[in-house]
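What follows is a set of notes on a single structure, which appears directly below.
The values are calculated or read from the model by the stated rules, or taken from the named source; none is laboratory data. Keep in mind that what you see is a predicted model, and the values were worked out from it rather than measured. Please note: Cβ atoms are built from the backbone with ideal geometry, for glycine as well, and neighbour counts cover all protein chains shown.
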Amino acid sequence: MYLDHFGLTELPFGITPDTSYTVLTRSHQEALNTLLIALNSGEGFIKITGEVGSGKTLLCRRLLQALPEACVSAYLPNPYLTPRTLLLALAEELRLGVSIDSDDYHLLKSINLALLEHASANRPVVICIDEAQAMPQETLESLRLLSNLETEKRKLLQIILFGQPELDKRLAEPAIRQLKQRIAFHYQLQGLDRNEVEKYLAHRLRVAGYRGEGIFGKRAIRGLHRASRGTPRLLNILSHKALLAVFGEGKHAVRLRHVRLAVADTEGASAPGWW
């Protein structure tokens, strides 16, 4: 690969979410602030939406790291579950010794007792559900019923839904309109602007060990911004392929022609008209 060629210690543009590469963009910081304010307010449901590759999973991991130590958190990366399996998954995340043979009544009762215990000890319970647009309608309804667990003062459970824009369409369905009404805070992630793209590229290269001058030229950065539409995952893919093209030529600077090659080889990338 091109690590030695550019003086890198690791690949700077991987597509796996890695909080060590986090760049504080405006949209992500606003989303994180919204989440923290909503959780501090004790709201039951919070929704974060964003296009594929916009960094929802990374934002979720940042939130989990930012939660107070006293907070009890659960992360469900695959929400395509039946209502019963959702309860079992929640019980497992809360470290409850519940048998898989338990009926729904006793399963829900065990979860409720555990939540009451956490509430009495002033330990907020937060559930983060990724890819929430994939949840079956029955499971969404089960989630709403779970949110009914509360004391006279506060909710026993706070639920954050991370999903693609299709989640908004799901919540607009008449059958689950009650869930939509319970979402007190929401935020839609936006793509990076051109200045943020430049800082994003420089930051990831620095974390990966690069100590030289800027690798990406101004026109290359403009091309990457246009082609990726500011979407971090797509930006990573295009930047990686552009570096491969530069490495193949034995050079050290990414130019617009290298970005063109990367775009031509990447499905989902936009070809800017000004090319």
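The table for this structure:
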{"quantity": "Tally of residues being in contact (Cβ under 8 Å) with a residue 24 or more places away in the chain and either of a type in the set (Phe, Trp, Tyr) or out of contact with any strand residue (DSSP E or B) (no Cβ under 6 Å at 6 or more places or on another chain) (or both) across the stretch 172-196", "calculated": "15"}
{"quantity": "Residue 170 farther than 25 Å from residue 66 by Cβ, in contact with a helix residue (DSSP H, G or I) (Cβ under 9 Å, 6 or more places away or on another chain) and not acidic (Asp, Glu)", "calculated": "yes"}
{"quantity": "So residue 155, is it in contact with an Asp or Glu (Cβ under 9 Å, 6 or more places away or on another chain) and modelled with pLDDT under 90", "calculated": "yes"}
{"quantity": "Members of the stretch 135-158 found to be touching a strand residue (DSSP E or B) at 6+ places or on another chain (Cβ under 8 Å) and within 16 Å of residue 80 (Cα to Cα), listed by number", "calculated": "135, 143"}
{"quantity": "Any helices (runs of 4 or more DSSP H) falling wholly within the stretch 168-275 and containing at least 3 residues that are crowded, with 22+ Cβ neighbours inside 10 Å", "calculated": "194-207, 218-228, 232-249, 256-264"}
{"quantity": "Boolean, residue 43 is in a loop (DSSP other than H, G, I, E, B), charged (D, E, K, R) and surrounded by 17 or more Cβ atoms within 10 Å (Cβ to Cβ)", "calculated": "yes"}
{"quantity": "Pairs with Cβ under 6 Å, 6+ apart, first in the stretch 197-214 and free of Cβ contacts under 8 Å to residues at least 24 places away in the same chain, second assigned to a helix (DSSP H, G or I)", "calculated": "198/221"}
{"quantity": "Single unsatisfied condition, residue 139 versus (1) more than 22 Å from residue 174 (Cβ to Cβ); (2) in contact (Cβ under 8 Å) with a residue 60 or more places away in the chain; (3) in contact with a Ser or Thr (Cβ under 7 Å, 6 or more places away or on another chain)", "calculated": "(1)"}
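Residue by residue, here is whether (1) in a loop (DSSP other than H, G, I, E, B); (2) surrounded by fewer than 19 Cβ atoms within 10 Å (Cβ to Cβ) holds:
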{"residue": "1", "(1), (2)": "yes, yes"}
{"residue": "4", "(1), (2)": "no, yes"}
{"residue": "16", "(1), (2)": "yes, yes"}
{"residue": "31", "(1), (2)": "no, no"}
{"residue": "37", "(1), (2)": "no, yes"}
{"residue": "48", "(1), (2)": "no, no"}
